[in-house]
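Contents: one structure, followed by commentary.
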Amino acid sequence: MFESLSFAAMKIELEHQKQRAKDAKKANKKYFAKLAKRPPRILDRAVASLHEEVFQEVDCLECANCCKTTSPIWRDKDIERAAGFLKLRPAELTEKYLHLDEDGDYVFNSAPCPFLGEDNYCSIYEARPKACREYPHTDRKQFHQILSLTLKNTEICPATLEIVKRLQQILPV
């Protein structure tokens, strides 16, 4: 999807992707409302299949838009794991990189992720938060429970937008 694009071209492509997601948001929201009424296992099977298919085509290291624009939610276990990996005390990691948001969740102080390298590799990959491990959450069971999150993720993740587009083709409502 993004192979061999220059940084400038990648940035333009991501801006176009975000606009496409915004343009499709109303229709996608309507589609998801109808989709939520279908049996969850049918949706889970379809999305799992599409996740595998799309991620055969997408290299997250070419994009890393999620790491550049959003923050995962950090749970206590995530903080402890990453702090150990970085040889810091959990309080030090929290003080240096995180703050409590309006929902009471720990998130990064700013974007991009402070652990994202210029090559789009994560310097704490082995100890990254659960939210990063699971992003964009398109390979989980009970997918019907995260339709609103998926809608938000279409503006961030080109793979998510593609999965939703293909889902509409194979599961019309």
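I'm trying to understand the selection: among the residues of the range 97-114, which are surrounded by 12 or more Cβ atoms within 10 Å (Cβ to Cβ) and without any contact (Cβ under 8 Å) to a residue 24 or more places away in the chain?
Within the range 97-114, Tyr97, His99, Asp101, Pro114 meet the criteria.
Looking at the range 65-77, which of its residues are buried (at least 20 other Cβ atoms within 10 Å of the Cβ) and in contact with a strand residue (DSSP E or B) (Cβ under 8 Å, 6 or more places away or on another chain)?
Cys67, Ser71, Pro72, Trp74
Just to be sure I understand, how many residues within the range 45-80 are in contact with a Lys or Arg (Cβ under 7 Å, 6 or more places away or on another chain) and modelled with pLDDT under 95?
0
Being under 17 Å from the mean Cα position of the chain (by Cα) and not in a loop (DSSP other than H, G, I, E, B) is true for just one of Glu80, Glu57, Glu62. Which residue is that?
Of Glu80, Glu57, Glu62, the one residue that is under 17 Å from the mean Cα position of the chain (by Cα) and not in a loop (DSSP other than H, G, I, E, B) is Glu62.
For residues in the range 125-139 being surrounded by fewer than 18 Cβ atoms within 10 Å (Cβ to Cβ) and part of a loop (DSSP other than H, G, I, E, B), which is farthest from the chain's Cα centre (by Cα)?
Looking at the filtered set, the residue picked out is Asp139.
Return the residues of the range 9-42 that are touching a Leu at 6+ places or on another chain (Cβ under 9 Å) and farther than 21 Å from Glu155 by Cβ; say none if nothing qualifies.
Those that are touching a Leu at 6+ places or on another chain (Cβ under 9 Å) and farther than 21 Å from Glu155 by Cβ: Arg38, Ile42.
Checking Arg166 against (1) at pLDDT 95 or above; (2) assigned by TED's automatic domain parsing to the domain that holds His16; (3) outside any helix (DSSP H, G or I): exactly one of these is not met. Which one?
Exception for Arg166: condition (3).
The values are calculated or read from the model by the stated rules, or taken from the named source; none is laboratory data. As the structure is a computational prediction, the values presented were derived from the model and not from experiment. Cβ sites come from the backbone with ideal geometry, for glycine too, and all protein chains shown count toward neighbours.
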